[in-house]
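First comes the structure, then the notes that go with it.
The values are calculated or read from the model by the stated rules, or taken from the named source; none is laboratory data. A quick note: this is a predicted structure, and the numbers were derived from the prediction, not measured. Heads up, the Cβs are rebuilt from the backbone with ideal geometry, glycines too, and the neighbour counts pull from every protein chain shown.
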Amino acid sequence: MTLTGLDHLQIEAPPGHEAAARAFYGGFLGLKELEKPAALQPNGGVWFALPGGQQLHTGTVPDFSPRRKGHPCFRCADLNAVLARAEAFGVEVREDAQLAPTRRVFLHDPFGNRLEIVEGEHLSVTV
């Protein structure tokens, strides 16, 4: 078996979250909304396109609890631009220097889920 890539990631959110998801993931992060398949529309949630062909889905969870540790990490070319946009949108970010010289920030979506944004990419060495 050979995995060929990542198709999508799903972020859990409370019932009725769609407008806030559109404002945050579409408005603040600038992701384009995708049409959700008709068979899945009654389940709630919103789908967005990620660069590179992957997708981000929000999924409704009745007994929702935000993810405080596990998180997706998004890449950006200019972290200063992300910081300026976060300030303009009133999104609180926390810069982290543990992986210097790699620059990264942590933030939370409107539902309290942890997210990371890294400038460039995390450097990795295969073991």
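Candidates are the residues of segment 61-75 that are closer than 25 Å to LYS36 by Cβ and loosely packed, with under 11 Cβ neighbours inside 10 Å; the one that is nearest to the chain's Cα centre (by Cα) is GLY70.
Scan segment 82-93 residue by residue and report those that are in contact with a strand residue (DSSP E or B) (Cβ under 8 Å, 6 or more places away or on another chain) and surrounded by fewer than 12 Cβ atoms within 10 Å (Cβ to Cβ).
Passing the criteria: only GLU92.
Restricting ASP96, ASP78 to residues that are over 19 Å from LEU29 (Cα atoms), surrounded by 11 or more Cβ atoms within 10 Å (Cβ to Cβ) and among the charged types (D, E, K, R) narrows the list to ASP96.
Anything in segment 1-11 that is surrounded by 11 or more Cβ atoms within 10 Å (Cβ to Cβ) and either farther than 15 Å from LEU115 by Cβ or without any contact (Cβ under 8 Å) to a residue 12 or more places away in the chain (or both)? List them, or say none.
Once the filter is applied, which keeps residues that are surrounded by 11 or more Cβ atoms within 10 Å (Cβ to Cβ) and either farther than 15 Å from LEU115 by Cβ or without any contact (Cβ under 8 Å) to a residue 12 or more places away in the chain (or both), segment 1-11 yields LEU6, HIS8.
Of all residues in segment 40-60, those that are surrounded by 15 or more Cβ atoms within 10 Å (Cβ to Cβ) and more than 11 Å from the chain's Cα centre (by Cα) total 6.
Looking only at segment 100-127, which residues are acidic (Asp, Glu), part of a loop (DSSP other than H, G, I, E, B) and either modelled with pLDDT of 90 or more or within 15 Å of GLY70 (Cα to Cα) (or both)?
The answer is ASP109, and nothing else.
Within segment 82-99, the set of residues being touching a residue at least 60 places away in the same chain (Cβ under 8 Å) and not in a loop (DSSP other than H, G, I, E, B) comprises PHE89 only. Whenever a residue of segment 37-49 is within 22 Å of LEU6 (Cβ to Cβ) and in contact (Cβ under 8 Å) with a residue 40 or more places away in the chain, it has no partner that is in a helix (DSSP H, G or I) and acidic (Asp, Glu) lying with C-beta atoms less than 8 angstrom away and at least six residues away or across chains.
Does GLY30 qualify as being surrounded by fewer than 12 Cβ atoms within 10 Å (Cβ to Cβ) and free of Cβ contacts under 8 Å to residues at least 24 places away in the same chain? Criteria met by GLY30. When PRO37, PRO14 are screened for being over 13 Å from the mean Cα position of the chain (by Cα), surrounded by fewer than 10 Cβ atoms within 10 Å (Cβ to Cβ), farther than 29 Å from LEU123 by Cβ and at pLDDT 95 or above, only PRO37 passes.
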